[in-house]
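Here's the structure we're looking at; comments come further down.
Nothing in this text is a laboratory measurement; each read-out follows from the coordinates by a stated rule. For clarity, every value in this text was computed on a predicted model and none was experimentally measured. With ideal geometry, Cβ positions are generated from the backbone for all residues, glycine too; neighbour counts draw on all protein chains shown.
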Amino acid sequence: MRFRLLKRRLTISAPSMAIRSSMPWPLKWVLAALVLGFCAAIALWAFEFGKDLAGIDQGEKEQLVAVKIEAAKLREERDKAQSIANVSGISMATERATQEKLMQKVKQLESENQTLRDDLGFFERLIPATTTEALAIRGLHAEVLPTHQLKWQVLVVQSAKNPNEFKGKLDVTISGTLGGKPWMANLPNGAMVIEVKQYRRLDGLIELPAQVQIKSVVVKVMDNSVSSAIRATQTLKL
């Protein structure tokens, strides 16, 4: 029996044994505190190292926040200034456009005023203070334009007080030379029909040959009778 027990203890089938060292619990607490402190030190070191990597501490954070606030204020002021500048630019553009329109209007009024002055002078020269003629031609004017046209204008006047309306025809005859030979032309559509109560201003253009030399312009006013009697005439030498 003893032999069997000894054999079982010495073989693989023998029961397992555990060897434990006995450590007092105060020492265990001290060891645990050391481990926790080491872990805390590592965590603190990692936090500080992370801050160093980021380059930001608490003071820098506050400074960054202040910079952001200042940047926001500057952006707001910039937007306000830009808005004011835009409004000013629109106002200046509108003012310039208004000034240009006013200048154009002033030029137009000056041109119209000059035209009225010219017309007034024209009428003052053409209408005599006293006349015995019932129907007369005044102020015949003619000029050759660079476009090979003759521009003419004339005033037909009835000087009597409250005259009857005159109905007749007006014709223009141009005389000159073309290629060294006599040349003559009238209104392209023939004598023009006119009606005159007190006065009437008439003008027109007549096409000319390129090489013609104009010597004189004759204007005639005729009545509506069968014979087309001449009632008034005026000649202009060029």
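What to note about this one:
- Distance between modelled label sites at Ser83 and Ile230, nm, 7 Å Cα→Cβ extension: 8.4 nm
- The tail of the calculated P(r) for segment 136-237, taken as Cα-Cα distances beyond 24 Å, holds 25 percent of the pairs.
- Legend: distances between Cα atoms for Lys80/Lys101; Lys107/Lys167; Lys181/Lys220; pairs beyond 29 Å are Lys80/Lys101; Lys107/Lys167.
- Taken along the Cα-to-beta-carbon direction at a fixed 7 Å, the label points for Arg201 and Val218 span 2.8 nm.
- Put in order of Cβ neighbour count within 10 Å, fewest first, the listed residues Lys73, Lys161 become Lys161, Lys73.
- Annotation: the residues Val226, Val106, Val156, sorted from fewest to most other C-beta atoms within 10 Å of their own C-beta, follow the order Val226, Val106, Val156.
- Extension gain for Lys107-Val65 works out to 8.9 nm (0.36 nm per residue, less the C-alpha to C-alpha distance).
- Taking a ≥ b ≥ c as the square roots of the eigenvalues of the Cα gyration tensor, segment 179-238 is classed as prolate, since a/c reaches at least 1.5 and a/b is larger than b/c.
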